[in-house]
Each structure stands twice: as structure tokens, then as C-alpha cells.
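Right, one structure below, let's go through it.
The values are calculated or read from the model by the stated rules, or taken from the named source; none is laboratory data. Just so you know, these numbers come straight off a predicted model, no measurement behind them. Note: ideal-geometry Cβ built from the backbone for every residue, glycine included; neighbour counts use all protein chains shown.
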Amino acid sequence: MTFDDFKATIASGTPPPGVAGALLALWHDAGGDWDAAHRAAQDAGGADAAWVHAYLHRKEGDSSNAAYWYRQANQPVARGDLDAEWSQIVEELLGRSVRLGDHE
């Protein structure tokens, strides 16, 4: 799935098939459902979910909680545009899934 394909599904109100975890959290966030995004990030666990969790708390304005989650994700604390960070995370996670799919 490409970044543009992923973004196009947001308006449909239905996540793309097979999208779960950190990507599902970002999908919910883009659709304006912060609570569902937060739940998905919490439920997913792992470094990718921690990165999304950090982004969500930064978006919420809770910088100290965000800093904690950036540390858990082994990511630098983001300070730039939130939309740019969302895009960066989505592209990274989609890129990993493509690379994994190429090896299966």
C-alpha cells in the first residue's frame, strides 16, 4: 500500500484491510478520533506503537508524556509540524511493511 492509498482510505471511514497496530492508530488520528488512535497505540505495544503514542501525546499538548514515549520508541523528541510527523511515521511504517512483504 502506498502513502497516497493509505490517505485515501481515511475519508471512507473504514481502515484498509490488514492495517493494525501503530498504522491503525495513525489512521484513526487522521480521521479525527484521538481516543481510538490512543487505544490502538496502547494495545499495539512495541517501539512503533510507542512512537505513535509519543506523537499523539505531543498533539494533545502533553510534552512531558510525549518525551517519555519518544524515549521508549528510541526516537528523538519531535518539535516540528505535526502533519509532517504524521506523514513521516506513516511512510516509515508502510515502507517497512513493503520491505517485509518483499521477503516473504
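The table for this structure:
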| read-out | value |
| --- | --- |
| Selection count where residues are under 18 Å from Leu82 (Cα atoms) and in a loop (DSSP other than H, G, I, E, B), scope region 6-37 | 3 |
| Filter pass, Asp5 being farther than 23 Å from Tyr70 by Cβ and among the charged types (D, E, K, R) | yes |
| Those residues of region 66-96 which are among the polar types (S, T, N, Q), in a helix (DSSP H, G or I) and farther than 19 Å from Gly31 by Cα, in sequence order | Gln72 |
| Long-range neighbours under 9 Å by Cβ, at least six apart or interchain, first residue at pLDDT 95 or above within region 89-101, second hydroxyl-bearing (Ser, Thr, Tyr) | Ile89/Tyr55 |
| Residue count for region 48-65, restricted to those that are under 21 Å from Ala30 (Cβ atoms), small (Gly, Ala, Ser) and surrounded by fewer than 20 Cβ atoms within 10 Å (Cβ to Cβ) | 1 |
| Region 11-42, subset over 12 Å from the mean Cα position of the chain (by Cα) and at pLDDT below 95, residue surrounded by the most Cβ atoms within 10 Å (Cβ to Cβ) | Pro15 |
